[in-house]
Amino acid sequence: MNQCQLPINLLIADDHQLITDGLTKVLNEEEGIGEIITARNGKEAVDKAMTHDIDCIIMDINMPVLNGLEATKLIKKDKPHVKVIVVSMQCDASVVNKMLKAGADAFINKDTGTEELLKAIEKVMKGEKYISPEIATNLFTHLTDRNVNTPLHDKHLTGREIEIIRCIADGLTNAEIAAKLFISNVTVETHRKNILAKLQIKNTALLVMYAIEHKLL
């Protein structure tokens, strides 16, 4: 959990007690993890997110009373700083897209290991987005099959901006992009802001989807 604000208080929202118990046990052993509370449905997740000092939520999608999609929307509306990591077996492109648009900061497969979950937590707590590589591949296939061909030149992207987009899609931090392209961190941040403004995209996850859709990767 390097470079993250510690400790990180977590909320695990899943209607299967084996999942919540298992994740709680594993994450309690990790350095940098603070309080861990659980919720058995989306409504309970919203209620606890509003009444507890939560930094990050590990969110399932299919839950009773209120599903993960609606719960994410409600939480992000009132507490946009709270990070949401979706952990689900539902990894269809349309589902991933809906969750990202609802405000989710990361999306990983429920079959993933602890290492990837910890990576996702670290990324989102540093203000970054994260999508599992296999899910990104599914998105690529879905968007390619749609055969969307908006000309890139209509967006006036420069060669350097396309390089930056590719680096962001690879999950590189601003510092890593700066080192790779031999430019300053400030320059990278300026390019990032300009790219989002040009494309009228609000976050990095949607930028990655744009890159896949327009075959930049």
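The values are calculated or read from the model by the stated rules, or taken from the named source; none is laboratory data. The structure displayed is predicted, hence computed values, not measured ones. So basically every Cβ, Gly included, is an ideal-geometry build from the backbone, and we count neighbours across all protein chains shown.
Below is a table of values for the structure above.
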{"item": "Residue satisfying condition, being within 28 Å of Glu31 (Cβ to Cβ) and either without any contact (Cβ under 8 Å) to a residue 24 or more places away in the chain or assigned to a helix (DSSP H, G or I) (or both), within set Val124, Val96, Val84", "result": "Val124"}
{"item": "Sole exception among (1) on the phi > 0 side of the Ramachandran plot; (2) touching a strand residue (DSSP E or B) at 6+ places or on another chain (Cβ under 7 Å) for Ala106, by number", "result": "(1)"}
{"item": "Qualifying residue in region 185-196 (condition: in contact with a helix residue (DSSP H, G or I) (Cβ under 8 Å, 6 or more places away or on another chain), loosely packed, with under 13 Cβ neighbours inside 10 Å, at pLDDT 90 or above and not in a loop (DSSP other than H, G, I, E, B))", "result": "no"}
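Okay, residues lined up against (1) at pLDDT 95 or above; (2) under 25 Å from Tyr210 (Cα atoms); (3) of a type outside the set (A, V, I, L, M):
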position: Thr51; (1), (2), (3): yes, no, yes
position: Asp55; (1), (2), (3): yes, no, yes
position: Val84; (1), (2), (3): yes, yes, no
position: Ala93; (1), (2), (3): no, yes, no
